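Reviewing the structure listed below.
The values are calculated or read from the model by the stated rules, or taken from the named source; none is laboratory data. Computed from a prediction, not measured in an experiment: that's the story for all the values here. Here Cβ is always computed from backbone atoms with ideal geometry, including for glycine, and neighbour counts include all displayed protein chains. SASA here: full protein model, heavy atoms, side chains in, ligands and nucleic acids out. Shrake-Rupley method; radii C 1.70, N 1.55, O 1.52, S 1.80 Å.
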Amino acid sequence: MSKTLNLALAEAKLVFWSMKRYMLDTLAAIGIMFLIFMGMFWGVKTIGGSGVTGESLDDMLVGYVLWMSAMFCMQSTGSEITTESQRGTLEQLYLSPLGAHRVLFFRALMNMVFNFFFVTVLLYLSMAATGRWLSVNLPFLYAMVLLSTLSLVGISFMLGGISLIHKRIQALGGILSFGLIGLMLLPTYPMNACSFLPFIAGAALVRNTIVSGDSYPLWWYGFVAANSAFYLLAGLMIFKVFERRAMKLNKMGQY
Amino acid sequence: MSEHCINVNGLVKTYGDLTAVNRISFQVNHGEILGILGPNGSGKTTTIKSILGLIRFDEGSISVHGLDAVRNRRKLLERTGAVLEGARNTYWYLSPRENLAYFAGSRGVSSGEATERADKLLKSLDLWDVADKEMRQFSAGMKQKCAIACAFIHDPDLLLLDEPTLGLDVAISRQLRAWLREMVNESGKTILITSHNMDFIESVCDRVLVMRKGEIVSHETVASLKKKFAGKYFSITLKNSPTDALISHLSELGGLSTEGNRLTLELASLDHLGSMVKALDDSRCGIEDFRTVENDLEDIFLNIIGDGEGNHEQNS
């Protein structure tokens, strides 16, 4: 257990050092995300005119933040593997006695934690710029986003597995990320086929609770957690299958 | 403790039609440095990666410290460090100290223990003054030293170094060989090294294994290898140009190369020594200088793999 904790701390340090080294890039990313949101916000307001209600703008704000978090989580492991492979450090991760999947899982988790911080900055910047102040329960928001985005970490492990063999998969990750925008509009409650897709049941729960003040039965939270656990485990299993294939083909150290 | 640190038995690895490693078997004893020599594509890296479990081999078995390397991979990685060829092995945007802290944590070492070990490694590898500088600015040698320090941060018993001297200058290469020898002599580490640098292998290794086309063609101590090939090379400078008869006669005794009045001869057997002296005497060309050429490992290596016949230079 203490070894796993040491690994988690090492990953937290690495993510922090990376962000510190590339601070300008980090700030530029937040700036771009903010500008995109403002462009969307004013676009919707201008085109929609008086038909656009305050609630739909709130929905857009929360939806955008959720989508940003989701996009980031979905691409995390795949892009980490591509970057590590390009840097020539991927095989060293595979020399960890704790297992590369654990190293990459904690890397994804620590990236998520740091991402939450930036998303919070983005959320407050957006609220200040639009003048629409949501009553955001941050601990609830973080807990629920973490719970639901874990399913996307699973998807990112699937993509990561593919990237072990095919190396560049950013385009596939990009397509899936944009596909999420459409999926997030699907109804998930009461339970239907769409509820079993990754992330969107959790995303709808967060959005509707914060924006509309909806409440859900306790079992629904359990369902969201089970959905995340399923996709996370499936992602890890698929990753291991690709990993074995990459080791068979000696693709681990190549880019 | 098992008899051998590493025991490779009948290892086979193929990629489609290509056999990278073909039924090789060898052992590495505890507390020794074994060098693997071989030209590109001879299977050195495949062997190292198979031991580390980075490649899944097709046939054979590998045990490390008496444990099956496939079934007990994670357990063995706790006691194994490696620097791989063609990879950076470290994060160049971080400092050596940050790299050491990260790799210690990723191997499950606590922060306190890691700091203590990092300080020792930074000092012993002469990286102390640059410990907090970004590695991107470093020379290839300093980067390599840092990669080796990171491989040692969890205090492994076994270290696998794939081409550790690639791109290093003479001074750092010398420092590294002394440091590695010290690790073996004082801390009882076991090291497996692949390298193209014969000088490095010769000075640091206890035994050498030569590979060619996925097979082991020689497996001996450096001393016995040198003894085997000793005394067969001669450099002769004549007073006059060599006659056709002399060249023809000497060519029958072994590999001969000529450059003006200077002849270099590799006798096929030391039994031909008398014939060589007689041929030189009979030719009446006069001898200005005659010396036995000491073989270095490079000559021996070329001789073993059979690529150097007649076209490698002799050191005098």
Among A:Trp67, A:Trp17, the single one that is within 13 Å of another protein chain (Cβ to nearest Cβ) and under 22 Å from the mean Cα position of the chain (by Cα) is A:Trp17
Item to check | Residue check, B:Ile36 assigned to a strand (DSSP E or B), modelled with pLDDT of 95 or more and at negative phi | outcome: no
In the range A:198-254, residues that are surrounded by 16 or more Cβ atoms within 10 Å (Cβ to Cβ) and of a type in the set (Phe, Trp, Tyr) total 6
Counting only residues in the range B:55-75 that are touching a residue at least 40 places away in the same chain (Cβ under 8 Å) and either touching an Asp or Glu at 6+ places or on another chain (Cβ under 6 Å) or not in a strand (DSSP E or B) (or both), the one nearest to the other protein chains (Cβ to nearest Cβ) is identified as B:Ile55
Of the listed residues (A:Leu236, A:Leu176, A:Leu232), the one being farther than 20 Å from A:Val145 by Cβ and under 19 Å from the mean Cα position of the chain (by Cα) is A:Leu236
Filter the range A:1-14 for residues that are hydrophobic (A, V, I, L, M, F, W, C) and more than 7 Å from chain B (Cβ to nearest Cβ); the one that is most open to solvent (accessible area, probe 1.4 Å) is A:Met1
For B:Ser25, the lone unmet condition from (1) open to solvent by less than 50 Å² (accessible area, probe 1.4 Å); (2) under 27 Å from B:Asn185 (Cα atoms) is (1)
With the structure loaded, tell me whether B:Tyr102 is within 13 Å of chain A (Cβ to nearest Cβ), assigned to a helix (DSSP H, G or I) and more than 21 Å from the chain's Cα centre (by Cα) or whether it fails that test. yes
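Okay, residues lined up against (1) within 23 Å of A:Gln75 (Cβ to Cβ); (2) open to solvent by less than 20 Å² (accessible area, probe 1.4 Å):
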{"site": "A:Val136", "(1), (2)": "no, no"}
{"site": "A:Leu150", "(1), (2)": "yes, no"}
{"site": "A:Leu159", "(1), (2)": "yes, yes"}
{"site": "A:Ile162", "(1), (2)": "yes, no"}
Note on the range A:71-96: residues within 14 Å of chain B (Cβ to nearest Cβ), buried (at least 20 other Cβ atoms within 10 Å of the Cβ) and in contact (Cβ under 8 Å) with a residue 24 or more places away in the chain are A:Glu80, A:Ser85, A:Leu90, A:Glu91, A:Tyr94, A:Ser96
On the basis of being open to solvent by 20 Å² or more (accessible area, probe 1.4 Å) and out of contact with any helix residue (DSSP H, G or I) (no Cβ under 9 Å at 6 or more places or on another chain), does A:Arg102 make the cut? no
Here the residues within the range B:274-294 that are in contact with a strand residue (DSSP E or B) (Cβ under 7 Å, 6 or more places away or on another chain) and assigned to a loop (DSSP other than H, G, I, E, B) are B:Cys285, B:Gly286
Conditions (1) touching a Phe, Trp or Tyr at 6+ places or on another chain (Cβ under 8 Å); (2) within 9 Å of chain A (Cβ to nearest Cβ); (3) outside any loop (DSSP other than H, G, I, E, B) -> B:Tyr91 fails only (3)
Taking first residues from the range A:17-38 that are without any contact (Cβ under 8 Å) to a residue 24 or more places away in the chain and second residues anywhere that are hydrophobic (A, V, I, L, M, F, W, C) and outside any helix (DSSP H, G or I), the pairs with Cβ under 7 Å that are 6 or more apart or on different chains are A:Trp17/B:Leu94
Flagged in the range B:271-303 as surrounded by fewer than 16 Cβ atoms within 10 Å (Cβ to Cβ) and at pLDDT below 75, in numbering order, are B:Glu294, B:Asp296
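The rows are residues; the columns are (1) part of a helix (DSSP H, G or I); (2) touching a Leu at 6+ places or on another chain (Cβ under 7 Å); (3) of a type outside the set (Val, Ile, Thr); (4) at pLDDT 85 or above.
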{"site": "A:Pro97", "(1), (2), (3), (4)": "no, yes, yes, yes"}
{"site": "A:Leu109", "(1), (2), (3), (4)": "yes, no, yes, yes"}
{"site": "A:Val119", "(1), (2), (3), (4)": "yes, no, no, no"}
{"site": "A:Ser126", "(1), (2), (3), (4)": "yes, yes, yes, no"}
{"site": "A:Phe157", "(1), (2), (3), (4)": "yes, yes, yes, yes"}
For the range B:247-270 the number of residues that are assigned to a helix (DSSP H, G or I) and either open to solvent by 50 Å² or more (accessible area, probe 1.4 Å) or of a type in the set (Gly, Ala, Ser) (or both) is 6
Right, B:Arg23: of a type in the set (Lys, Arg) and more than 14 Å from every other protein chain (Cβ to nearest Cβ) or not? yes
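Quick check on B:Lys133: is it farther than 20 Å from B:Gln175 by Cα and more than 11 Å from chain A (Cβ to nearest Cβ)?
Yes: the conditions hold for B:Lys133.
Residue-by-condition table, conditions (1) β-branched (Val, Ile, Thr); (2) within 14 Å of another protein chain (Cβ to nearest Cβ); (3) not in a loop (DSSP other than H, G, I, E, B):
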{"residue": "A:Tyr189", "(1), (2), (3)": "no, no, no"}
{"residue": "A:Pro198", "(1), (2), (3)": "no, no, no"}
{"residue": "A:Ser215", "(1), (2), (3)": "no, no, no"}
{"residue": "A:Gly222", "(1), (2), (3)": "no, no, yes"}
{"residue": "A:Ile238", "(1), (2), (3)": "yes, no, yes"}
